[in-house]
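Have a look at the structure below before the remarks.
The values are calculated or read from the model by the stated rules, or taken from the named source; none is laboratory data. All of these numbers come straight from a predicted model, not from anything done at the bench. In this analysis, Cβ positions are derived from the backbone assuming ideal geometry, glycine residues included, and neighbour counts consider all displayed protein chains.
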Amino acid sequence: MISVVPKPQRVRLLSQKQYLYQPTEAKRFLEEGHGQEGYRLLIDNEGIKIYCGTEEGAFRAQITLKQLYTEKKLPNIEIWDFPKYQHRGYMLDCVRHFFTIETIKKQIQAMAMLKLNVFHWHLTDDQGWRIESKKYPLLTEIGAKREQTMGDGKPVSGFYTREQIKEIVRFAKQHYIEVIPEIDIPGHMTAAIAAYPLLSCDGKEVKVSEGPGIHKNVACAGKDSVISMLGEVLEEAAELFPCKYFHLGGDEAPRDKWDACPDCAKRMVENSFKNGDELQAYMMNALCERLEKIGKTVINWNDGMKAENIKDSIVMHHWKESKQCNAATAREAAKGRPVIYSPFFGYYLDYPYGMTSLKKTYTYNIGVKGVESENYLLGLEAPLWTEYVDTEEQLEKQTYPRLCAVAERAWSSVKSTNYNEFTLRLKRFYKILDALGVKYVTIENANPAFIEGKKAVLRFYLNALKVQIKERKKKKKEGIKA
Ligand SMILES: [Zn+2]
């Protein structure tokens, strides 16, 4: 058995011979038919040969070679390899907690070892604004700071300068990874509204959020001035990211403020919109048009795409698995809209292993029910939200080994029945993570026994509940003072 993760598409062990070649001795030959990322790797008496059509293919082959190089030996082998899906991603929330560019670079190195090719960077939310804007400096001067998190008394602040972002984009590119930024609109905008209250419906001052959950502060969809300012923010941000895609969030936007806003009401009447979903689609379409003019394709989370008037060009990011959201994904997939697949119950890395075990992630059914063809699937992505993740070590332990499972399903044509064999290869992959200094959870702990698993889930929810009660008490106290 050869220990490579993700598993290559076709492997032919030619003999039991082993060679003392160094991976750096590999010779490269041009060979057509391997696509953008594919390659053929041959190790025999004549040395190491990589056959491919692109630099990227050669890079992926080198990764395989590094993993094959165990005990300073290489096997007599031939491998044909290419990815199953074009989008293979990892999302990191750098808002709920802030992570340094050193931490991010380390994750990019580990991603490259798994042949992942998309780093989805969640940069704005209720709890912070983490991307520098020269045009609107208050976004970070005010929006990047909060006094504490869930009553812990510890201030959190931090944002990425435009130069630091360019550095990350460059570093990722060296690893054949694209960086897709996410600026979440119209919900999850408390930090932006704290900086510029005129972005909201009522213009009232608010504080950068100190707690988790869904917030009622949303950007006003009725004021042209708001859409225009957000357009400028997006265009300025887009200059930093050469990637074709731009994620505009669109998830979890409560309608309370819109329902009470005369400008939003006017927009609804003028356009005969039936509900807030259609109003949100109007706003998203307008921002999407601005980004399309500079060559970008917009991505939205699936719960923001329930309205039929949402632009056909927006890629859907499936996360929410409610009946209504599954139906929206199935409807759009059947129409041929491309979908990125990040199912909540299978791929969300922020939940304990007792709820989402390694085995569950690996064997999770890919694709929405009711759609036969898989052609609509652009690819797979695993998100890590960091409300309860505040250190690099914890970030990594939530991520690994589950990200290895998602990476394997995204690259390889393996079936879920391949799980046991995958874990054997994973043990060897842990040495790669060790070499990078990346922490992980053992395979046993990533599949806790029933009782242990339930206990961990209970602890997770009790902690979340404690936090919510604290928040509610705090809000009540502030309300009384006001
Ligand atoms: Zn409004």
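Counting just the residues of the range 234-265 that are acidic (Asp, Glu) and within 21 Å of Asn217 (Cβ to Cβ), which one comes out nearest to the ligand (Cβ to nearest atom)?
The qualifying residue nearest to the ligand (Cβ to nearest atom) is Asp263.
Taking the criterion of being part of a loop (DSSP other than H, G, I, E, B) and not small (Gly, Ala, Ser), the residues of the range 371-389 that qualify are Val371, Glu372, Glu374, Asn375, Tyr376, Trp385, Thr386, Glu387, Tyr388, Val389.
Can you tell me which of Pro262, Pro242 is touching a residue at least 12 places away in the same chain (Cβ under 8 Å), surrounded by fewer than 16 Cβ atoms within 10 Å (Cβ to Cβ) and more than 30 Å from Ile177 (Cβ to Cβ)?
On the way: Pro242 fails: more than 30 Å from Ile177 (Cβ to Cβ).
After applying the criteria, what remains is Pro262.
Specify the residue that is nearest to the chain's Cα centre (by Cα); the eligible residues are those in the range 439-463 that are over 15 Å from Arg402 (Cβ atoms) and of a type in the set (Val, Ile, Thr). Within the range 439-463, the match that is nearest to the chain's Cα centre (by Cα) is Val457.
Val389 falls short on exactly one of the conditions (1) within 23 Å of Asn117 (Cα to Cα); (2) under 20 Å from the mean Cα position of the chain (by Cα); (3) of a type in the set (A, V, I, L, M, F, W, C), and that condition is (1). Summed over the range 221-233, the residues that are within 16 Å of the ligand (Cβ to nearest atom) and β-branched (Val, Ile, Thr) give a count of 2. When the range 266-300 is filtered for residues that are basic (Lys, Arg), away from the ligand (no atom under 15 Å from the Cβ) and touching a Leu at 6+ places or on another chain (Cβ under 9 Å), the ones remaining, listed by number, are Arg290, Lys296. Taken over the range 335-370, the residue count meeting the criterion of being assigned to a helix (DSSP H, G or I) and without any contact (Cβ under 8 Å) to a residue 40 or more places away in the chain is 4.
Is it true that some residue in the range 111-125 is of a type in the set (S, T, N, Q), outside the structural domain of Lys415 (by TED's automatic domain parsing) and either more than 30 Å from Val233 (Cβ to Cβ) or outside any strand (DSSP E or B) (or both)?
For the range 111-125, residues of a type in the set (S, T, N, Q), outside the structural domain of Lys415 (by TED's automatic domain parsing) and either more than 30 Å from Val233 (Cβ to Cβ) or outside any strand (DSSP E or B) (or both): absent.
For the range 274-298, residues that are out of contact with any Phe, Trp or Tyr (no Cβ under 7 Å at 6 or more places or on another chain) and outside any helix (DSSP H, G or I) total 4.
Taken together, Arg146, Arg162 contain a single residue that is under 22 Å from Leu287 (Cα atoms), in contact (Cβ under 8 Å) with a residue 24 or more places away in the chain and either away from the ligand (no atom under 16 Å from the Cβ) or assigned by TED's automatic domain parsing to the domain that holds Ile63 (or both), which is Arg162. In the range 194-220, how many residues are within 12 Å of the ligand (Cβ to nearest atom) and crowded, with 20+ Cβ neighbours inside 10 Å? Adding up the residues that qualify gives 7. The set of residues in the range 52-71 being in contact (Cβ under 8 Å) with a residue 40 or more places away in the chain and under 14 Å from Ile432 (Cα atoms) consists of Ile63, Thr64, Leu65, Lys66, Gln67, Leu68, Tyr69, Thr70.
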